[in-house]
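The values are calculated or read from the model by the stated rules, or taken from the named source; none is laboratory data. Being a predicted model, the structure only gives us computed values, none of them experimental. Positions of Cβ are backbone-derived with ideal geometry, glycine not excepted, and every protein chain shown enters the neighbour counts.
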Amino acid sequence: MGYTDQRFNVNLSILFTELPLLERPAAAAAAGFTAVELWWPWIETPTPDRRELDALKKALDDAGTQLVGLNFYAGQLPGPDRGALSVPGEESERFRANIEVAADFAASVDCKALNALYGNRVDGVDPAVQDELALENLVLAARAADRIGAILLIEALNKPESPRYPLVSAPAAVAVVDKVNAATGLGNAKFLLDLYHLSMNGEDLPEVIENYTAKTGHVQIADNPGRGAPGTGDLDLEGLLDRLRKAGYEGWVGLEYKAGDRPSAESFEWLPRSQRAAN
Ligand SMILES: O=C(O)C(=O)CO
């Protein structure tokens, strides 16, 4: 048990961001990793030029890295936004325009998990209206994911850092997972269980693992406080990952932490090099 048994991947939207996007896959590979994940890399546009998509695919292929998770377009993230799909008007339209583009890109690199951030509450808009729009858009996203044999992830964030995001607990995110599956009948919507966000919310992590592992499609980690590498905070991440494994989780564990005051390549000392390549 312990870190030895896990399949780690590196989040290239939070680690290696000191490098241009197209250099990050090779940097992760040089650090010993074979799997990576990304937030939507083109925050200004849900529909980048074909050449940009091809260049990213080439960078992933040339580095020998497998993309194992991709966020749909989520507005300005990093930035004030936390998704677009529940935000009426232009942002929802941008999310819709992104669905097939993101799914086709994921298919082109054999990526099997698409993460759909829900979006912030908007002043003056009835939350029920936002939730209705969200369900419509999530159903479209789940169908697109299904078309390419992928799962659709729904993530809980943390309230202190995302005060306008409505899914700030595991039960809230899982309730949306259940609604999407009930609406599509596809069963491919899953919970993205991020131990950092949930611990920031003060949730009982062993209880969350016990209750929701069966509905979990992806896991992400960072230590708390600080969102740094394992060992920089107080979380028993090794013990929590053991619990997840015992509860039946065999999927990816995304390293979604900040390197801090050092180059990203120096932030993996907690994980022996021999355990970085996915098996
Ligand atoms: O914004 C974040 O913190 C995320 O985890 C996005 O996936």
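Show me the strands (runs of 3 or more DSSP E) entirely contained within the range 119-229 in which 1 or more residues are more than 30 Å from SER264 (Cβ to Cβ) and in contact (Cβ under 8 Å) with a residue 12 or more places away in the chain. Please lay out each step first, then the result.
Values: elements: 151-155, 189-194, 216-221.
Counting at least 1 such residues, we get 189-194.
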query = Which condition breaks for ASN201 when tested against (1) more than 21 Å from the chain's Cα centre (by Cα); (2) surrounded by 14 or more Cβ atoms within 10 Å (Cβ to Cβ)?
reply = (1)
note = Restricting the range 1-46 to residues that are among the hydroxyl-bearing types (Ser, Thr, Tyr) and either more than 13 Å from the ligand (Cβ to nearest atom) or surrounded by fewer than 17 Cβ atoms within 10 Å (Cβ to Cβ) (or both), the one modelled with the lowest pLDDT turns out to be THR4
task = Starting from the range 1-17, keep only residues that are among the charged types (D, E, K, R), then list their pairs with residues that are assigned to a helix (DSSP H, G or I) whose Cβ atoms are within a distance under 9 Å, requiring at least 6 positions of separation or different chains.
result = ASP5/LEU241; ASP5/ASP242; ASP5/ARG245
Subset of the range 127-152 (residues that are within 18 Å of GLY251 (Cα to Cα) and buried (at least 20 other Cβ atoms within 10 Å of the Cβ)) = ALA145, ALA150, ILE151, LEU152
key: Pick from the range 106-126, criterion of a type in the set (A, V, I, L, M, F, W, C) and surrounded by 22 or more Cβ atoms within 10 Å (Cβ to Cβ), ranking: farthest from ILE151 (Cα to Cα)   = LEU117
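Quick one: count up the residues across the range 230-241 that are in a loop (DSSP other than H, G, I, E, B) and of a type in the set (A, V, I, L, M). Write out each step before concluding.
First, the residues of the range 230-241 that are in a loop (DSSP other than H, G, I, E, B): 230-236.
Next cut, of a type in the set (A, V, I, L, M) only: 235.
Selection size over the range 230-241: 1.
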key: Residues of the range 58-74 satisfying the condition of being under 27 Å from ILE221 (Cβ atoms) and either away from the ligand (no atom under 11 Å from the Cβ) or free of Cβ contacts under 8 Å to residues at least 12 places away in the same chain (or both)   = ALA59, LEU60, ASP61, ALA63, GLY64, THR65, GLN66, LEU67, VAL68, TYR73
Failed condition for LEU193, given (1) in contact with an Asp or Glu (Cβ under 9 Å, 6 or more places away or on another chain); (2) surrounded by fewer than 21 Cβ atoms within 10 Å (Cβ to Cβ) = (2)
